[in-house]
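See below for the structure under consideration.
Bear in mind that the values in this text are calculations on the coordinates, not laboratory data. Fair warning: this is a prediction, and the values are worked out from it, not measured in the lab. A quick note on method: Cβ atoms are made from the backbone with ideal geometry, for glycine too, and the neighbour counts reach across all protein chains shown.
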Amino acid sequence: MAQLDTPSLAIAELREFAEFDPAEQRYIRRSLDIGLARADALDRWARNADEAASIRSQIRAYHQLKALRGSLPAMRSGERMDEFLGQLIKLTVFDLAQGCINGFAAYRFLYERLLGPEARPWLPAAFCAASALPQIVPERRKLLLHSISEAAACAPGWSKRRPGFYPDWIEDQSAEIH
């Protein structure tokens with residue numbers, strides 16, 4: 001398999017992100033702002049009181065990210081797997097229940113950036129487990145579970161390459177045009 005250089009990988013990731021629907025794109029950017037502490041998510045993303053409440057809930061839920069990132073090195077030996085996977089599934093249920101992530105590709109894209117490439121082997125299991133839980137309404141459960149390909153669910157290995165593209169807020173310049 002040909003090795004792609006870093007600019008080509010970033011372009012491929014940009015294209016992948018462009019394929020997500022606008023709600024997924026917005027949620028991913030918002031989640032990265034919260035999860036990577038890039039910006040004041042309430043100031044940047046809340047358009048109304050309901051969205052502000054959702055962002056506050058997401059900020060509370062994402063407090064688990066630091067512990068998850070810290071647990072990843074121990075996962076190679078299988079230590080604390082139940083604790084790690086339980087926390088990852090709980091966080092995944094939170095994100096899927098928000099209704100903005102519509103499939104495994106968008107979930108994987110987000111979580112590779114939130115947790116790093118070391119999390120890749122655990123993402124299919126967490127996604128399938130969370131998608132099948134009763135917190136996800138049956139129609140949505142079916143949509144989510146059908147979104148993961150056999151190749152993704154049964155991958156023989158995972159890349160250790162860090163993501164090169166991290167989508168960010170885009171200022172609306174249309175208001176400045178007179």
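A few comments on the model shown:
- With neighbours defined as other Cβ atoms within 10 Å of a residue's Cβ, the residues LYS142, LYS160, LYS90 order from fewest to most as LYS160, LYS142, LYS90.
- Exposure proxy shown here: for ARG120, ARG113, the number of other Cβ atoms within 10 Å sets the order, fewest to most, as ARG120, ARG113.
- In terms of its alpha-carbon gyration tensor, the stretch 47-124 comes out prolate; a/c meets the 1.5 threshold, and the first ratio a/b outweighs b/c.
- Taking 0.36 nm per residue of separation and subtracting the current Cα-Cα distance, fully stretching the chain between GLU139 and ILE59 would add 26.1 nm.
- For the pair ALA23 and LYS160 in one chain, pulling the backbone fully straight at 0.36 nm per residue adds 46.5 nm over the alpha carbon distance.
- Here the chain is scanned for GluC sites (Glu not before Pro) in DSSP loops (not H, G, I, E, B) that have at most 14 other Cβ atoms within 10 Å, and the longest stretch holding none of them is 80-170.
- Projected label distance in nm at LYS90 and LEU36, using a 7 Å step from Cα toward the beta-carbon: 2.6 nm
- Prolate/oblate/rounded call for the stretch 99-178, Cα gyration tensor, a/c under 1.5 rounded: oblate
- Eligible lysines near LYS160 by straight Cα distance, threshold 26 Å, same-chain separation 8 or greater: LYS66, LYS90
- Label of the coordinate-derived value, Kirkwood radius over Cα pairs in Å, listed as [x] 17.3; [y] 19.3; [z] 16.6: [x]
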